[in-house]
Structure formats: C-alpha cells, structure tokens
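S.K.: Take this structure, written in structure tokens, and hold onto it; I'll ask about it next.
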C-alpha cells in the first residue's frame, strides 16, 4: 500500500520561520507513522519561487529573481533537515521539469474547454497574490489576511472556468465528508462552494517572473496555479528516468488554514478539468499563537526554530509542538512552555526512566537484560497495558491526533515509573529469594521502554532509536515496524550505558 503526503511549498520571499517548521514536522510525523505501518511512503516538500512578491523581494535586495530564489531555497531545504524531516524529494518551482509539466497541465485545461481570455479589474493584494471583493475586506478596506490595502488591477488574462465545477465539487464534498479535516474547515470549504463559484484568472500580463503561458508568451501562469501543480509534477522527475505518478498519486495534503480555498476548492477543480484523481484528503492545521495572538516577526513574538534547535536539538521542538498543539486547532506556545515540557516530561519522566533501567540492569545483572522467567506473571497487567498503549497510539496517529497519541504514550511512561517505585528493584536485589522477581521487573521495564520507543518514534525518531540502542535492540527499518510491537519481542541483550537522554535545562530567572 502506498501513501503520498505533501506540505505546501513554501514561498521564498523571506526567511523560513516557525510556521514552516511546524507544518514540516507535522507532515513528517504522519509520514514516519505510515512507514512504521509498512506502507510505501513518499513525502514531498519544497519551495514556491515565482510571482510578484519574489520579484519585489529580489529587487529590494538588488538581485535578479533567479539569484534571489537560489539564495533562499537552500535555507528552506536546511530547515527541513534541521527539524529532522524525512522527505523523499525537495521540489523547486524553478526546476525546468516542473515548468514543463505546468505548461502541459494548463494545455489540458485548455483542451477541456475550460480556459477563456477576458479583461478583468479588481482589488488585488500583492501579499496574497490574489483578488478580493470589497465586501470581504476589513472595515478599513484592508486585506483580512495581511492587513494591507489592495490596489486596483485591471488587465487581460486567461480565466479558468471554475464556475463549471460548482455542482461537481459540492457533490464530491457531500459524498466524502472526511475529505477536509477538521470538520470546521470542511464546512468552511463547502460553504464557499455553495455560495457560488466565480471563474478565476490563471495568468498575469503585468509580471514576467513566472512560467510562460504556452500558447501566449506575453503572459505568465498565475503563481498559485503553478504552485499547486507541484504535487503532481514532482512525481514525474523525483527519481531519474522514472515516473512515480501511478505508484503514489493521489496525495494527502498538509496545509495551514489561510490557504484552504486554493487547496480544497480550486485545486480539486483543476484536477477534475485535467483528468486526474482528486487528493485522498487534506489536513488543515491552525496557527501557533503567543498569548492568544498569531506569531509574527512584526510583533516580535516568534519562536525561532533554528535558535531552539541550536539550544536543545530538534527532538524537543518536535515533541513540544506535537504535544502542545492539537493538529487542526490554533495553539499557544512559548519558550517557557517548551522548557517545562523538556524538563518535566523528556528529562525527568522518559530520560530518567531509561537511565534508571539501564543502570539497574548494569548493576544487578552484569549489564544484560535478564529473561523474565515464571516470576513475571505478576507483570501481565503492565504488559497488556503496554500493548494496548501501542494500539491506541497507532489508532490516534491514523486519525491525525498526534497530541492524543502522545497523551497515551505518556500515561504509559508514567506507569513504568510507578512500577519502579512499586517494585523497588534496589530492595529486591538485596534478597536472593527475590532474584526471579528482580529478573521479571528489569525485563518488564526494558520491554515497556521498547514499546514506548516504537510508539513515540514518529515524533522523536532519534530518541526512539537511542532508547532501543541503549537496550541492545536492533534498530533497522524492519525493527521499527509496528508489527514488532509486542511485549514478548524484547531480545535479552547487553545494555549500553550512556549520558542522559535529555540533560536537564537550567531554570531561567
């Protein structure tokens, strides 16, 4: 079974930030989970490099647009690597293969009779790179997304006849109420469709930084149309001399709520016109907030992902964002909150549990995980709880409830910590008659930690692999599959002592 997941491609008019990190991490968690299920996964991210804002940003820096994107794109590629993304390809919309595919795609729209040339005038927001109706602006006449005043733009463009697809889109949405998640975003998209769709301009004559319309070199393809098509074009050249389209398409899209209309309404209509299957679904996530306000550089309230990673590594950032913010909802985050989760949960609860377990095996059993033996019968409840935790977390990952999965995992981490206190292995070690029970407890702690590692792998993969390695377990791709997540699959092996998994951070102030 195949699974194809995408992030939106990020617009390179400015530096990468927390929002890009959040979307990429969330998509990576889902991609890793599907790999753990044994599926054939393809994960795509990349950069959107055409349009007015790019040309303006380049001009401000004294560069050509191509020079500008060649400087900026590697920074986004570096962000993906820095947050631990396992993407299979990084697309740039200035790739010649993508540009050729886009031209072929719009030719299909034209062949379907869905392209017309018209003159249009309207209020245009350069930040959105889109038109707004006056009724949709703020009372001050500003763009509701970017807070800037749209300018009147009038030009002759090519139009996609989106209105033709209103009924088909409405029928599709009603037949698949899970297409867009969460439900509130599904309702928003369906409402937009049912209010009536108007035809949209898919070309621009006023700018030159874009892909030329194949039948009219005086116009370039609208940046949003160009960008959306990347989800298809990437599959045709991600592997040399191989077209992966039949293997992976259709895709599941991850995106933020401000680009819902483009992905949930316009993109499916374009695919219908060009003759492609529609995406399998779309997850619309919320914004990261500070004190209830959306993060922004102008407010000075951003959580710099590069600074966090430099300070404490990528894994705590991945864990914190997935633990703190439910996918599909807005969520408040802060550096203080991150540090608290790090110290209380990663350092104290998980890291300390691993250190104590490995240390006790080293001290009491010459560094080798003992066999459980018959005295382990009393741990049957802990064993069943562990396997149930994996099943619950797996189901929650599948429902895109990563926060819920982590809640389940952490309940079990705390259960294992209670087991240490209840059984007190340091006391059992003093009584030869309790040797069998000590073996069972130490084996049980190692077995439970192995299940925790497999369950938490999508969120903190390096941490999961390190836990398994400290327990002497194999860590190949096959060893990480969820099929191996049974209590009895632990291999009694020599453990490896090491430094704290998460060294405690000093409290500030």
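The values are calculated or read from the model by the stated rules, or taken from the named source; none is laboratory data. Owing to the predicted nature of the structure, the values given are computational and were not obtained by experimental measurement. Glycine also receives a Cβ, built like all others from the backbone with ideal geometry; neighbour counts cover every protein chain displayed.
S.K.: Enumerate the helices (runs of 4 or more DSSP H) found wholly within segment 231-332, keeping only those where 1 or more residues are more than 20 Å from the chain's Cα centre (by Cα) and buried (at least 17 other Cβ atoms within 10 Å of the Cβ).
M.R.: It comes to 267-274, 305-312.
S.K.: Can residue 204 be described as over 29 Å from residue 123 (Cβ atoms), assigned by TED's automatic domain parsing to the domain that holds residue 153 and over 21 Å from the mean Cα position of the chain (by Cα)? Let's see the steps before the verdict.
M.R.: On the way: over 29 Å from residue 123 (Cβ atoms): no; assigned by TED's automatic domain parsing to the domain that holds residue 153: yes; over 21 Å from the mean Cα position of the chain (by Cα): yes.
No: the conditions fail for residue 204.
S.K.: Of all residues in segment 67-90, how many are part of a helix (DSSP H, G or I), in contact with a helix residue (DSSP H, G or I) (Cβ under 8 Å, 6 or more places away or on another chain) and without any contact (Cβ under 8 Å) to a residue 60 or more places away in the chain? Before you say what the answer is, go through the steps one by one.
M.R.: Looking only at segment 67-90, we keep the residues that are part of a helix (DSSP H, G or I), and these are 67-82.
Filter once more, so that each one left must be in contact with a helix residue (DSSP H, G or I) (Cβ under 8 Å, 6 or more places away or on another chain): 67-69, 76, 79-80, 82.
With without any contact (Cβ under 8 Å) to a residue 60 or more places away in the chain added as a condition, the list becomes 67-69, 80.
Number of matching residues: 4.
S.K.: To continue, here is another question. Of everything in segment 450-472 that's more than 22 Å from residue 401 (Cα to Cα) and touching a helix residue (DSSP H, G or I) at 6+ places or on another chain (Cβ under 6 Å), which residue is surrounded by the fewest Cβ atoms within 10 Å (Cβ to Cβ)?
M.R.: Result: 468.
S.K.: Has segment 109-125 got at least one residue that is part of a strand (DSSP E or B), touching a helix residue (DSSP H, G or I) at 6+ places or on another chain (Cβ under 7 Å) and more than 30 Å from residue 319 (Cα to Cα)?
M.R.: Looking through segment 109-125, at least one residue is part of a strand (DSSP E or B), touching a helix residue (DSSP H, G or I) at 6+ places or on another chain (Cβ under 7 Å) and more than 30 Å from residue 319 (Cα to Cα).
This table checks each residue for (1) surrounded by 18 or more Cβ atoms within 10 Å (Cβ to Cβ); (2) out of contact with any strand residue (DSSP E or B) (no Cβ under 6 Å at 6 or more places or on another chain); (3) modelled with pLDDT of 95 or more; (4) not assigned by TED's automatic domain parsing to the domain that holds residue 204.
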{"position": "79", "(1), (2), (3), (4)": "yes, yes, yes, no"}
{"position": "84", "(1), (2), (3), (4)": "yes, yes, yes, no"}
{"position": "90", "(1), (2), (3), (4)": "yes, no, yes, no"}
{"position": "96", "(1), (2), (3), (4)": "no, yes, yes, no"}
{"position": "101", "(1), (2), (3), (4)": "yes, yes, yes, no"}
{"position": "104", "(1), (2), (3), (4)": "no, yes, yes, no"}
{"position": "107", "(1), (2), (3), (4)": "no, yes, yes, no"}
{"position": "112", "(1), (2), (3), (4)": "no, yes, yes, no"}
{"position": "121", "(1), (2), (3), (4)": "no, no, no, no"}
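S.K.: Quick one: count up the residues across segment 391-414 that are within 20 Å of residue 357 (Cα to Cα) and crowded, with 17+ Cβ neighbours inside 10 Å.
M.R.: Result for segment 391-414: 4.
S.K.: Considering segment 167-213 alone, what residues qualify as being in a loop (DSSP other than H, G, I, E, B) and crowded, with 16+ Cβ neighbours inside 10 Å?
M.R.: Of everything in segment 167-213, those that are in a loop (DSSP other than H, G, I, E, B) and crowded, with 16+ Cβ neighbours inside 10 Å turn out to be 179, 182, 197, 199, 202, 207, 209, 210, 211.
S.K.: To continue, here is another question. Taking segment 478-509 only, how many residues are farther than 27 Å from residue 365 by Cβ and part of a helix (DSSP H, G or I)?
M.R.: Looking only at that region, the number is 3.
S.K.: Just a yes or no: is a residue in segment 354-367 modelled with pLDDT under 95 and out of contact with any strand residue (DSSP E or B) (no Cβ under 7 Å at 6 or more places or on another chain)?
M.R.: no
S.K.: Can you find even one residue in segment 365-373 that is in contact (Cβ under 8 Å) with a residue 12 or more places away in the chain, over 30 Å from residue 443 (Cα atoms) and in contact with a helix residue (DSSP H, G or I) (Cβ under 8 Å, 6 or more places away or on another chain)?
M.R.: no
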